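Trainee: A single structure is presented below for examination.
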Amino acid sequence: MNKGFPSKEEVARVREAYPPGCRVELVSMSDPYATLLPGERGSVDHVDSIGTVFVVWDSGSHLGAVYGVDVIKHCDDERND
């Protein structure tokens, strides 16, 4: 679990790794109220100042993946510009 906010350098690395339009897949999410399931895919909207990767999920949700807590991975076979 995340023990604090990421540094500016860590946020910059997250932004570089997950640019807008990048396709991602959910591996795990710790939010007990989220209805997203592992394997769901979506397109990155933006990364905020604390490294949360906000995703427009194909299911219609706009939930963010929290830095250091939730896990997403690239869908190398997809791009949504």
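Trainee: Restricting the search to segment 30-51, which residues are surrounded by 20 or more Cβ atoms within 10 Å (Cβ to Cβ) and either under 13 Å from V11 (Cβ atoms) or at pLDDT below 95 (or both)?
Mentor: Passing the criteria: V47, G51.
Trainee: Considering only residues that are assigned to a helix (DSSP H, G or I) and among the basic types (K, R), look in segment 1-29 and name the one that is surrounded by the most Cβ atoms within 10 Å (Cβ to Cβ). Quick ask: steps written out before the conclusion?
Mentor: The first filter runs over segment 1-29 and keeps only residues assigned to a helix (DSSP H, G or I), leaving 8-17.
If we keep only those that are among the basic types (K, R) too, we end up with 8, 13, 15.
On the way: K8: 10, R13: 14, R15: 17.
Within segment 1-29, the match that is surrounded by the most Cβ atoms within 10 Å (Cβ to Cβ) is R15.
Trainee: Next question, about the same structure. Which ones in segment 52-61 are assigned to a loop (DSSP other than H, G, I, E, B) and in contact with a Gly (Cβ under 9 Å, 6 or more places away or on another chain)?
Mentor: Of segment 52-61, the ones assigned to a loop (DSSP other than H, G, I, E, B) are 52, 58-61.
Hits for segment 52-61 are T52, D58, S59, S61.
Trainee: Is it the case that H74 is part of a strand (DSSP E or B) and in contact (Cβ under 8 Å) with a residue 12 or more places away in the chain? If you could, list the steps in order and put the result at the bottom.
Mentor: Values: part of a strand (DSSP E or B): yes; in contact (Cβ under 8 Å) with a residue 12 or more places away in the chain: yes.
The answer is yes for H74.
Trainee: Within the bounds of segment 60-71, is there any residue that is among the aromatic types (F, W, Y), within 21 Å of P6 (Cβ to Cβ), buried (at least 16 other Cβ atoms within 10 Å of the Cβ) and touching a helix residue (DSSP H, G or I) at 6+ places or on another chain (Cβ under 9 Å)?
Mentor: So the first thing to find is which residues in segment 60-71 are among the aromatic types (F, W, Y), and the list is 67.
From what's left, within 21 Å of P6 (Cβ to Cβ): 67.
Right, trim to buried (at least 16 other Cβ atoms within 10 Å of the Cβ) and you get 67.
Pick out the ones that are also touching a helix residue (DSSP H, G or I) at 6+ places or on another chain (Cβ under 9 Å) and you get 67.
Yes.
The values are calculated or read from the model by the stated rules, or taken from the named source; none is laboratory data. All values reported here derive from a predicted model rather than from experimental measurement. All Cβ positions, glycine included, derive from the backbone under ideal geometry; neighbour counts span all protein chains shown.
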